[in-house]
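The values are calculated or read from the model by the stated rules, or taken from the named source; none is laboratory data. This one's a predicted model, so the numbers in the text were calculated from it and none came from an experiment. Glycine gets a Cβ as well: all are built from the backbone with ideal geometry, and neighbour counts include every protein chain shown. All accessible areas refer to the heavy atoms of the entire protein, side chains included, with ligands and DNA or RNA removed. Shrake-Rupley method; radii C 1.70, N 1.55, O 1.52, S 1.80 Å.
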Amino acid sequence: MVQRRLATVLACDVSGFSRLMGRDDEGTLRRFERHQSLIAQVLAQHGGRPFGAAGDSLLAEFESPVAAVRCAVDMQLALHDVESAQIEGERMRWRIGINLGDVMVEGDRLVGDGVNVAVRLESLARPGGICLSASVAEHVREHVQLDFEDLGRQRLKNIARPVQAFRIPLPSDLDPAPPYRGLL
């Protein structure tokens, strides 16, 4: 019999990783490894359990949506600080998606729509940003001092139903100012 449970899933990956690797593969790999170490520390501080990784992506489980959101914010702000010395076009910026949903347990891995929706939400996030499902936003609104921007009902790739999505505006995901005042 398949074991199921409710889980908060955080999915993240590096925006433009292939482009960065194409420009400087060894330097990008070193920075990526430093980022992975930082992410592991922040996950541990918030009780996150990594359960999957491939290439430049990572999946983690949390018992609480509040812990997952706090972790995501701390991750983005810490990574933003680490990358602030890089010129804008060379910064390594992560995108994060978070969903609360039903998952199936397969050994140490989690699979199913709960995971798939988190991964698809991650693809909607801005570089340096966080995108949440409505189920996460509903659970965390009263527990975190953050703004939520309603992105509306989103059709996500290979997900049967539309998903109400929200964005958390952060300094790490703000579009950089144009280099010339005339472009403002």
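Do we have any residue at all in segment 103-116 that's at pLDDT below 95 and farther than 23 Å from Arg5 by Cα?
Looking through segment 103-116, none of the residues is at pLDDT below 95 and farther than 23 Å from Arg5 by Cα.
Please work out which residue is farthest from Glu33 (Cα to Cα), limiting yourself to segment 81-124 and to residues that are part of a loop (DSSP other than H, G, I, E, B) and open to solvent by 10 Å² or more (accessible area, probe 1.4 Å). Before you say what the answer is, go through the steps one by one.
Taking segment 81-124 and keeping what is part of a loop (DSSP other than H, G, I, E, B), we get 84-87, 91-92, 107-108, 112.
Okay, now just the ones that are also open to solvent by 10 Å² or more (accessible area, probe 1.4 Å), so 84-87, 91, 107-108, 112.
Working: Ser84: 17, Ala85: 17, Gln86: 16, Ile87: 19, Arg91: 14, Gly107: 26, Asp108: 23, Gly112: 28 Å.
If we take residues in segment 81-124 being part of a loop (DSSP other than H, G, I, E, B) and open to solvent by 10 Å² or more (accessible area, probe 1.4 Å), then Gly112 is farthest from Glu33 (Cα to Cα).
Under 6 Å by Cβ, and 6 or more places apart or on different chains, what pairs join a residue from segment 70-87 that is more than 21 Å from Gly47 (Cα to Cα) with one that is open to solvent by 70 Å² or more (accessible area, probe 1.4 Å) and of a type in the set (A, V, I, L, M, F, W, C)?
Pairs that qualify, where the first residue is more than 21 Å from Gly47 (Cα to Cα) and the partner is open to solvent by 70 Å² or more (accessible area, probe 1.4 Å) and of a type in the set (A, V, I, L, M, F, W, C): there are none.
Within segment 42-51, is even one residue modelled with pLDDT of 95 or more, out of contact with any strand residue (DSSP E or B) (no Cβ under 8 Å at 6 or more places or on another chain) and of a type in the set (Lys, Arg)?
no
Please determine whether any residue of segment 8-23 is assigned to a helix (DSSP H, G or I), hydroxyl-bearing (Ser, Thr, Tyr) and closer than 18 Å to Pro127 by Cα.
Within segment 8-23, the first condition is being assigned to a helix (DSSP H, G or I), and the residues that meet it are 17-23.
Next, only the ones that are hydroxyl-bearing (Ser, Thr, Tyr) stay: 18.
Filter once more, so that each one left must be closer than 18 Å to Pro127 by Cα: 18.
Scanning segment 8-23, I find at least one residue that is assigned to a helix (DSSP H, G or I), hydroxyl-bearing (Ser, Thr, Tyr) and closer than 18 Å to Pro127 by Cα, so the answer is yes.
Per-residue answers, yes or no, for (1) of a type in the set (Val, Ile, Thr); (2) open to solvent by less than 40 Å² (accessible area, probe 1.4 Å):
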residue: Gly128; (1), (2): no, yes
residue: Glu138; (1), (2): no, no
residue: Gln145; (1), (2): no, no
residue: Asp150; (1), (2): no, no
residue: Ile159; (1), (2): yes, yes
residue: Gln164; (1), (2): no, no
residue: Asp173; (1), (2): no, yes
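I want to confirm something. Restricting to segment 43-80 and keeping residues that are of a type in the set (A, V, I, L, M) and surrounded by fewer than 20 Cβ atoms within 10 Å (Cβ to Cβ), which single residue is nearest to Pro171 (Cα to Cα)?
Step one: filter segment 43-80 for residues of a type in the set (A, V, I, L, M), giving 43-44, 53-54, 58-60, 66-69, 72-73, 75, 77-79.
Adding the requirement that they be surrounded by fewer than 20 Cβ atoms within 10 Å (Cβ to Cβ) leaves 44, 53-54, 66-67, 73, 77-78.
Details: Ala44: 23, Ala53: 26, Ala54: 27, Val66: 20, Ala67: 20, Val73: 10, Leu77: 8, Ala78: 11 Å.
So, considering only residues that are of a type in the set (A, V, I, L, M) and surrounded by fewer than 20 Cβ atoms within 10 Å (Cβ to Cβ), the one nearest to Pro171 (Cα to Cα) is Leu77.
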